[in-house]
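**Student:** Just passing along the structure, written as structure tokens.
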Amino acid sequence: MPVTDPSVPVLDLGASSPDLTRQLCDIESVSGNERQIADAIETALSAFDHLEVVRDADAIVARTSGGKAQRVVVAGHIDTVPVNANLPTTTEHIDGEEHLVGRGTVDMKGGVAIALKLAAELTDPSLDVTWIFYDHEEVAAELNGLGRLARNRPDLMAGDFAILGEPSNSTVEGGCNGTARIDIHLSGLRAHSARSWMGENAIHAAAPVLAILAAYEPEQREVDGLVYREGLNAVGVSGGVAGNVIPDRATVSVNFRFAPDRSTEQAIQHLREVFVGFDFDITDLAGGARPGLDAPIAQNFVAAVGGTPAPKYGWTDVARFSELGIPAVNYGPGNPLRAHADDERVATSEIVACEQGLRAWLTAR
Ligand SMILES: [Zn+2]
């Protein structure tokens, strides 16, 4: 008899995927507090002989080694944004459909439940599978558990294709846009506002920058058959010294969401061309990910789960796989617009549909 630790919650991986989603949501796991849920996942998966289970801090990796020709990585984060009186979960009927309501139901314990259930159930999948459950996705990028795994154990991330179970309305969303943030600095000459002609107003100098932004027409760029819509926007303006001073400094913060066919260098080059003559600092820069849907393994996946692939606009961890040369897509239950919302909720039928799609692909011979 293995000794069971009473402080570790017991997960029933044989339960239905909506019920397993509920079990996972009711173990509160706001970023930084994943220890308990990671313990529960590690304990539950360790019961299965067909899985090799490895732990790196609060990330759990479980792998099959069936000697298959190809390996897929199925990954999901186990943390959530802060709870706001929306745990434990409740079950409600909304518009005649059963919904699971509460923190994590959309982002993304439904996707985690599906992965856990199939990890336990599929003792001999048609491809080898690496199941990854990781911590710290909802916080600063340097804490991200998948990023840490890529640094500590890149061998555990290896595969021919990766699926991230982030909410995508159960459709396949390929790749993601990249993101760049810059601070454009405007300078002037400080003076007393009673003698403003002695100074140069740095806030007024921001006007042409704002005019460029207002007139900018973002592109729609086709990448591997999907159309990515870009965006270039001011996300902050700061400046001013005091109510009687002509300011000598102002800053316009700009965020550029760029299609994944632009490299980070090309994105910055584009910004230099758009803001020619202006001085800026790069404050954040992350490349996008091509959808990778031209790979045969990805096409098989799309055919098995059905539906029409769509582009992913927000930056997600698929880009981490993309950096390792692994095509990656998002595929998970739930409407991403409900992620992080206080009324976060998912239709239980959607969790089941996603589970069936993934099972169909992983059992196809
Ligand atoms: Zn998420």
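**Student:** What single numbered condition from (1) part of a loop (DSSP other than H, G, I, E, B); (2) more than 30 Å from residue 357 (Cβ to Cβ) fails to hold for residue 168?
**Tutor:** So the condition that residue 168 fails would be (2).
**Student:** Something else now. Determine which member of the set 151, 181 is among the basic types (Lys, Arg), touching a Leu at 6+ places or on another chain (Cβ under 9 Å), open to solvent by 50 Å² or more (accessible area, probe 1.4 Å) and closer than 27 Å to residue 31 by Cα.
**Tutor:** Details: 151 fails: touching a Leu at 6+ places or on another chain (Cβ under 9 Å).
181 is the lone residue from the list that is among the basic types (Lys, Arg), touching a Leu at 6+ places or on another chain (Cβ under 9 Å), open to solvent by 50 Å² or more (accessible area, probe 1.4 Å) and closer than 27 Å to residue 31 by Cα.
**Student:** While we're on this one: Mind listing whichever residues of the range 300-330 are under 15 Å from residue 73 (Cβ atoms) and away from the ligand (no atom under 16 Å from the Cβ)?
**Tutor:** Filtering the range 300-330 down to residues under 15 Å from residue 73 (Cβ atoms) leaves 301, 316-330.
Correct list: 301, 322, 323, 324, 325, 326, 327.
**Student:** Oh, and also: Looking only at residues that are open to solvent by less than 40 Å² (accessible area, probe 1.4 Å) and not in a loop (DSSP other than H, G, I, E, B) in the range 45-54, which one is nearest to residue 149 (Cα to Cα)?
**Tutor:** That would be 54.
**Student:** Which condition number does residue 137 fail, the rest of (1) at pLDDT below 95; (2) within 16 Å of the ligand (Cβ to nearest atom); (3) buried (at least 22 other Cβ atoms within 10 Å of the Cβ); (4) not hydrophobic (A, V, I, L, M, F, W, C) being met?
**Tutor:** Only one criterion is unmet by residue 137, namely (1).
**Student:** Please pick out the residue among 189, 143 that is under 21 Å from residue 37 (Cα atoms) and open to solvent by 50 Å² or more (accessible area, probe 1.4 Å). Working first, answer last.
**Tutor:** Details: 189 fails: under 21 Å from residue 37 (Cα atoms).
So the residue among 189, 143 that is under 21 Å from residue 37 (Cα atoms) and open to solvent by 50 Å² or more (accessible area, probe 1.4 Å) is 143.
**Student:** Here's something else I'd like to know. Assess whether residue 125 counts as being more than 16 Å from the ligand (Cβ to nearest atom) and closer than 22 Å to residue 7 by Cα. Steps first, please.
**Tutor:** Working: more than 16 Å from the ligand (Cβ to nearest atom): yes; closer than 22 Å to residue 7 by Cα: no.
So residue 125 fails the test.
**Student:** Select the strands (runs of 3 or more DSSP E) contained entirely in the range 55-142, then report the ones holding at least 2 residues which are under 17 Å from residue 20 (Cα atoms) and in contact with a strand residue (DSSP E or B) (Cβ under 8 Å, 6 or more places away or on another chain). Before you say what the answer is, go through the steps one by one.
**Tutor:** Values: elements: 59-63, 71-77, 90-94, 97-101, 128-134.
By residue number, 71-77, 90-94, 97-101, 128-134.
Let's see how each residue does on (1) within 16 Å of the ligand (Cβ to nearest atom); (2) farther than 25 Å from residue 365 by Cβ; (3) open to solvent by 50 Å² or more (accessible area, probe 1.4 Å):
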site: 30; (1), (2), (3): yes, yes, no
site: 62; (1), (2), (3): no, no, no
site: 79; (1), (2), (3): yes, yes, no
site: 89; (1), (2), (3): no, yes, no
site: 97; (1), (2), (3): no, yes, yes
site: 109; (1), (2), (3): yes, yes, no
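**Student:** Does residue 74 satisfy the condition of being touching a helix residue (DSSP H, G or I) at 6+ places or on another chain (Cβ under 9 Å) and crowded, with 22+ Cβ neighbours inside 10 Å?
**Tutor:** On the way: touching a helix residue (DSSP H, G or I) at 6+ places or on another chain (Cβ under 9 Å): yes; crowded, with 22+ Cβ neighbours inside 10 Å: yes.
Yes.
The values are calculated or read from the model by the stated rules, or taken from the named source; none is laboratory data. Keep in mind the model is a prediction, meaning the values are calculated, not measured. Reconstructed Cβ throughout: ideal geometry from the backbone, glycine too, with neighbour counts over all protein chains shown. These area figures cover heavy atoms from the full protein model, side chains too; ligands, DNA and RNA do not enter into them. Shrake-Rupley method; radii C 1.70, N 1.55, O 1.52, S 1.80 Å.
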